[in-house]
Amino acid sequence: MPGGTTVRAAVCRGVGEPQSIEQLVLAAPGPGEVRVRIDACAVCHSDLMYTDGGWATDFPLVMGHEAAGCILETGPGVADVAVGDQVVVSLVRSCGECPACRRGHHVTCSGEFALDRQSPLTDGTGSPVAQGLNTGAFAEQVVVHRSQVVPHPADVPSTSASLLACGVLTGAGAVHNTAQVQAGDVVVVVGCGGVGIGAIQGARLAGAEQIVAVDPLPDKRESALLLGASHAVDPVSGDVAAVLREATGGRLADHLFITTAAPSALDNAVELLAPMGALVLVGMPPDGIAFEIDPTMLAAANQRILGSKMGTVRLADDIPRLIDHYRAGDFELDALVTTTHSLEDIDLAFDEVRRGKVLRTVILPNGHASPDHATPGNDREADA
Ligand SMILES: [Zn+2]
Ligand SMILES: [Zn+2]
């Protein structure tokens, strides 16, 4: 493979195994592709689903798909982004030409990509190493399809911009695109990690009248209240239905967002819905989980169940929209970064996410924070 670059990356070689920092060869970008220096990549629960065996995958692979960085090289035919552009790097890859893309449904693109057929990464023995979730951004650099990057203004720190590549974007997109929450609606958000906090902030921007946040962890409930929730309930010791009934005078939820992968979140969820209400499934549980509904009850109350893949986003529309809100001071990103780590500490960072200790922890594969934002998010409470 001509023109390869040597990069350090965290390689996962099997379920439950520690990740190893290895020197890999990254191929030059082909037609329609870009090479990006990764300045920040947040750890997402989807990364853990693969490393912990919740979802099946082939190894070895480099995880990481919630990233931001700087374009270093553009492949043939890439004319609308340039070397030096600061970009969000996401897992959503869209061809722009298939039936789904032509209708704006980028998250269900059925296009074919050279990167799907051959990973740009090879290890020291010349064997291919997969890019997890189309990205492989726990690495100093990536090669991705042009559609996966969205330029952002240089005054947005990479640590904060990275959150707009997956979790927070997904939550905000589920509210804006999938459910289309309207002013005055009642919203319940189950799970207050990055996706849930994105949904809560999105609901606040949409003018939701009540936003009830549900999470067993006190820190996450506190963050939810600071960022727009009107109520926060512990689903273990509290009574979500009672709080919702009281908050809404018995009206219940117009939209119930399940943002966690915990299967217990689905138990009795439909009972929290108002007539005409929608259950919006955003979080993706481990393979093989099912839940029961009563179709007659659902039809009689004219209710809906909606799946939301990546918040039905169109990166080029949704990321600039949220960055505008961020720069206007009405969409928080900086304070969601609880900790940052070097690439070497990736297993430690994964463990923080596994234990629910953080809203978002961000890996800095090139070993430094953005110069304008050297100590992101360590003052979460004071900042909010
Ligand atoms: Zn993710
Ligand atoms: Zn497509």
Going by the alpha-carbon gyration tensor, a ≥ b ≥ c the square roots of its eigenvalues, is the chain rounded (a/c under 1.5) or, if a/c is not under 1.5, prolate (a/b greater than b/c) versus oblate?
prolate
Estimated [θ] at 222 nm from DSSP helical runs (n ≥ 4, -39500 (n - 2.57)) normalised by residues in the chain, nearest 500:
-6000 deg cm²/dmol
Note down the relative contact order for the chain as a percent, whole number, built from C-alpha pairs under 8 angstrom at least six residues apart.
18
Formal net charge of residues neighbouring Met276 (Cβ-Cβ distance under 14 Å; K, R +1; D, E -1):
0
Quick check: net charge around Val144, other residues with Cβ under 11 Å of its Cβ, Lys/Arg +1 and Asp/Glu -1?
+2
The chain: antiparallel bridges as % of DSSP beta bridges, rounded to 5, reads 55
Solvent-accessible area per residue for the stretch 168-309 (1.4 angstrom probe, square angstrom):
43
With a 10 Å radius around each residue's Cβ, average the other Cβ atoms per peptide and rank 236-246, 54-64, 121-131, highest first.
54-64, 121-131, 236-246
Candidate residues Met297, Met284: accessible-area rank, largest first, probe 1.4 Å:
Met297, Met284
Round to a whole number: what % of the accessible area of the chain belongs to carbon and sulfur, probe 1.4 Å?
51
If you place +1 on the Cβ of every Lys and Arg and -1 on the Cβ of every Asp and Glu, how big does the dipole about the Cα centre of the stretch 168-309 come out, in debye to the nearest 20?
380
Difference of contour (0.36 nm per residue) and Cα-Cα distance, Asp234 to Arg13:
75.9 nm
Protection-proxy order for peptides 304-315, 17-28, each taking the mean of Cβ atoms within 10 Å per residue, highest first
304-315, 17-28
The stretch 168-309 - percent relative contact order, Cα under 8 Å, separation 6 or more
22
Which value, in debye to the nearest 20, gives the size of the charge dipole of the chain about its Cα centre, when Lys and Arg are +1 and Asp and Glu are -1 at the Cβ?
740
Whenever you get a sec, line up Glu271, Glu222 from highest to lowest accessible area (probe 1.4 Å, protein heavy atoms).
Glu271, Glu222
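The values are calculated or read from the model by the stated rules, or taken from the named source; none is laboratory data. These numbers come from a predicted model, not from an experiment. As a convention, Cβ positions derive from the backbone with ideal geometry for all residues, glycine included, and neighbour counts pool all protein chains shown. Note: areas computed on protein heavy atoms with side chains; ligands, DNA, RNA excluded. Shrake-Rupley method; radii C 1.70, N 1.55, O 1.52, S 1.80 Å.
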